[in-house]
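Notes follow once the structure below has been shown.
The values are calculated or read from the model by the stated rules, or taken from the named source; none is laboratory data. Quantities reported herein were computed from a predicted structural model and do not represent experimental measurements. Glycine gets a Cβ as well: all are built from the backbone with ideal geometry, and neighbour counts include every protein chain shown. Ligands, DNA and RNA are excluded from the accessible area calculation, which covers all protein heavy atoms including side chains. Shrake-Rupley method; radii C 1.70, N 1.55, O 1.52, S 1.80 Å.
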Amino acid sequence: MELFCPLCAAPLIRQGNSCACANRHSFDIARQGYIHLLPVQNKRSLNPGDTPQQVMARREFLEGGFYAPIADALSDLLKGYPGPLLDVGCGEGYYSANLSRRLSCELTGLDISKEAVRRAAGKYKNAQWLCASAARLPVGDESVGILTSLFALTVPEEFHRVLKKDGVFVQVLAAQDHLLKLKSIIYPQLTHKEKNTAPTLAGFRLTESRKLRFSFTVEGQQVQNLLYMTPHVYRIGKDGLQRLQNTQILTDTASCVI
């Protein structure tokens with residue numbers, strides 16, 4: 001997939017250990033192989049995105065196979081659709097690498113977390129990994145066959161711009177009853193908040209929606225890894241954290257909408 005400068009949108013050309021455009025904007029290619037396309041002026045913090053601890057927790061949890069039904073459902077849903085594949089918010093690469101392998105299509109994975117794409121590039125070599133912002137995707141108009149955003153943000157205008165006319169966008173959203181057991185441990189009480197799991201996106205037509213619900217059991221460190229997989233790690237209080245640290249085995253239900 002051809003890349004474009006995140007500053008001026010000119011095509012990028014690889015030159016040794018960097019990529020540069022005709023306007024002399026240059027971007028490093030890291031030792032692990034990912035390309036850093038996140039200029040300082042496009043950052044909202046010094047180190048945006050997931051922390052090293054979150055990235056490692058996610059890798060250990062996902063490689064434990066607990067969320068394999070999600071990967072299976074995605075590959076089943078997208079069978080027969082042509083790539084290339086762009087995974088926005090790819091994290092450490094588990095879902096996108098799995099999907100690319102099963103569909104036999106070219107993969108570009110993108111995340112704002114440098115640590116996440118560093119881990120992805122270090123393990124999954126047959127792909128292009130980018131540290132970049134979803135708000136300004138560094139790829140060309142109508143260049144993507146399959147675009148995925150899995151438990152990640154949605155930028156409809158940019159997604160619409162980069163998708164081919166017959167391209168498909170797939171998102172995975174957590175449902176209302178996702179991880180209720182975890183929530184019951186870390187919060188003193190549960191509050192009911194309506195979630196829109198079928199959002200209307202300008203320029204898109206919903207062709208299919210699938211609900212997926214399954215139970216799993218984690219033990220020991222994987223209980224903590226589950227917490228760091230979720231946004232609850234930013235909201236948990238001291239008492240909730242202590243209760244979770246005292247939990248050695250947890251059976252919960254994953255519930256999402258594809």
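Here are some notes:
- For the stretch 90-116, the set of residues classified as open to solvent by 30 Å² or more (accessible area, probe 1.4 Å) and among the small types (Gly, Ala, Ser) consists of Ser104 only.
- From the list Leu153, Leu137, Leu147, the lone residue that is under 30 Å from Ala10 (Cβ atoms) and free of Cβ contacts under 8 Å to residues at least 60 places away in the same chain is Leu137.
- A Cβ distance below 7 Å, combined with a sequence gap of six or more or placement on separate chains, defines the contacts here; from the stretch 203-217, residues that are in contact (Cβ under 8 Å) with a residue 40 or more places away in the chain and of a type in the set (S, T, N, Q) reach residues that are open to solvent by less than 70 Å² (accessible area, probe 1.4 Å) and not in a strand (DSSP E or B) in the pairs Ser209/Ala198.
- Residue, modelled with the lowest pLDDT, within the stretch 130-184, restricted to residues that are in contact with a His (Cβ under 9 Å, 6 or more places away or on another chain) and within 27 Å of Pro69 (Cβ to Cβ): Gln176
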